[in-house]
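> Take this structure first; my questions come after.
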Amino acid sequence: MDRIVNPCEYDYITRNKIMEELCKKYPFIKKSIIGKSCLGHDIKALKIGSTQGYCLIAAAFHGSERITATVLLMFIENLCRAIAEDGIIAGLKARRALVGRGVIFVPCVNPDGCDISLLGAKAAGNRAAEIAKLCKNDCTHWNSNLRGVDINHNFNAGWEELRKLERESGIYGPAPTRFGGFAPESEPETKALTELCRRIEMRHVIALHSQGEVIYWSYGAKKIPRARKMAEIMATSSGYALDVPIGLAAGGGFKDWFITEFSRPGFTVELGLGENPLPIEDTEKIYNRVEEMLMLCAIM
C-alpha cells in the first residue's frame, strides 16, 4: 500500500508538500489557510464533509510535540482512503459514519516552533541568536512560537491567573515554554484558531498534545452537557485515563477557551508516554492506539 504519510520527522516545507499530495489524491478535501505564523508560514486547515457543526481536531501546539502532527496526518490519510474506497476505518464504514458529519483538521498550529525544535535556532531566521540564547543553544525542548510565547498559555481562559503562576515560577517574558504572552490572544497562531471557531460552528474540539496518555475534558466549574460521556467514550477506546490539569497546566489552553467561549465540549489529549520530543519510532504505536478514538471524535 502506497502511503503519502510515513512515521517520519517533518519540517514545515515537507509537511506542506504532504498536505498538497493528500489534497491532490483526495479532491474532496477542502484546504484553506486559516492564518500565518510569526515567520509568515501558512497555518492550514483540511476540511472533510459538510454540516452545520464541525468537529475540529488540531495538533502541534508545541514545537517538541510535533509527533502529534504526524499522527494526525496519518489519520487523515487513512480516513480519506477509506472514504475514497468505500472502505472501513476503525471498524466503521467511513462514508456511512460521516453522513451529516464534518471534520476540520489543523495538523500544525505552531509551524515555527516545530521547526525550531527540530532544526535548531537557525529555523528562527533573524531571531536565531535570541532563540539560541533563550534555550542555551539546545532547542530540542522548544515549545513556544517564534516570539517565545507558549500558544497553549495564550488563550483567553483564566489567563490572568495563569500569568500570576508563571511569575511565581520565574517566567516573566519570552521563554522556551510556558510564557503566555503579554496579553491573551496576542499571537497569530492563537488567533488563527479562535477566528476559525468564531467563523465556523464547531460541535466540539480536540487538541492533540504529548505526552501522558491522559484526556482532559473539563475547565473550571462549567458543566458542559455530553462532555463527560464523550470523554469516557474516548478513554474506553484509547485506554487513556481521564484527568484534570493542575498548576501551570491549568488555564490558558485552547480547550479551556473553547469551553468558556461556546459552552460546548473541548478536549486535550496527551498522546504517548515518555519525554518530549517523543521518539519518532513511537509514531505507529501511538497511532494504532488512538485511531478508533480519533474516528469517534470525528463522528460524535
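Values quoted throughout were computed directly from the atomic coordinates according to the rules given, and no laboratory measurement underlies them. These figures come from a predicted structure and were not determined experimentally. Cβ atoms come from the backbone with ideal geometry, glycine included; neighbour counts cover every protein chain shown.
> Restricting to DSSP loop positions (anything but H, G, I, E, B) with no more than 15 other Cβ atoms inside 10 Å of their own Cβ, which GluC sites (Glu not before Pro) remain in the stretch 199-300?
Details: sites: E201, E213, E232, E261, E270, E275, E281, E284, E291, E292; in loops: E201, E213, E275.
Passing both the DSSP loop test and the Cβ count: E201, E275.
> Set Lys and Arg Cβ to +1 and Asp and Glu Cβ to -1, take the dipole of the stretch 1-76 about its Cα centre, and tell me which of H41, L72, P27 lies farthest positive.
The residue sitting farthest along the positive end of the dipole is P27.
> What dipole magnitude, in Debye to the nearest 20, does the stretch 12-294 give about its Cα centre under +1 on Lys/Arg Cβ and -1 on Asp/Glu Cβ? The partial results should precede the final answer.
On the way: 37 positive and 33 negative charges, 191 e Å.
I would put it at about 920 debye.
> Report the full-extension gain for the segment F182 to D2: residue separation times 0.36 nm, less the Cα-Cα distance, to one decimal in nm.
Values: separation 180, 0.36 × 180 = 64.80 nm, distance 4.65 nm.
Stretched out fully, the F182 to D2 stretch lengthens by 60.2 nm.
> I've got another one for you. For the chain, modelled as a Gaussian network with Cα springs under 10 Å, which listed residue fluctuates most, A58, A231, A129?
Answer for the Gaussian network model of the chain: A129.
> Right, something else. Return the single residue from F155, F182, F105 with maximal mean-square fluctuation; model: Gaussian network over the chain, springs between Cα atoms under 10 Å.
Result: F182 has the largest fluctuation of those listed.
> List, largest first, the extents of the alpha carbons of the stretch 12-294 along their principal axes, each in whole Å.
Principal extents (Cα only, largest first): 52, 42, 35 Å.
> Among K229/K255; K93/K285; K36/K164; K93/K229; K222/K255; K24/K44, which pairs are too far apart, with a Cα-Cα distance over 20 Å?
Values: K229/K255 16 Å; K93/K285 23 Å; K36/K164 29 Å; K93/K229 23 Å; K222/K255 13 Å; K24/K44 15 Å.
Cα-Cα > 20 Å for K93/K285; K36/K164; K93/K229; rest within.
> Using only helices, what value at 222 nm comes out for the chain when you add -39,500 (n - 2.57) per DSSP H run of length 4 or more and divide by the total residues, to the nearest 500 deg cm²/dmol? Working shown, then result.
Details: 10 runs with 112 residues, N = 300.
Rounded to the nearest 500, it is -11500 deg cm²/dmol.
> Normalise the Debye intensity by I(0) for the stretch 86-165, one equal point scatterer per Cα, no solvent, then take log10 at q = 0.18, 0.20, 0.21, 0.25 Å⁻¹ and round to two decimals.
-0.77, -0.85, -0.90, -1.11
> For an R0 of 22 angstrom, estimate the FRET efficiency from the Cβ-Cβ distance between E261 and T51 and round to the nearest 0.05. Mind showing how you got there, number by number?
On the way: r = 20 Å, r/R0 = 0.91.
Step by step, r from the Cβ atoms, then E = 0.65.
> Using the beta-carbon distance between D138 and L273 and R0 = 22 Å, what value does 1/(1 + (r/R0)^6) give for FRET efficiency, to the nearest 0.05?
Details: r = 23 Å, r/R0 = 1.02.
Working from the Cβ atoms, E equals 0.45.
> Size of the dipole of the stretch 58-207 about the Cα centre, Lys and Arg at +1 and Asp and Glu at -1 on the beta carbon, nothing else charged, in debye to 20? Could you put the intermediate results ahead of the total?
Numbers: 19 positive and 18 negative charges, 54 e Å.
For the stretch 58-207, the charge dipole is close to 260 debye.
> What spacing in nm lies between the two simple spin-label points modelled at S32 and K164, each 7 Å away from Cα in the Cβ direction?
Between S32 and K164, the label points sit 3.8 nm apart.
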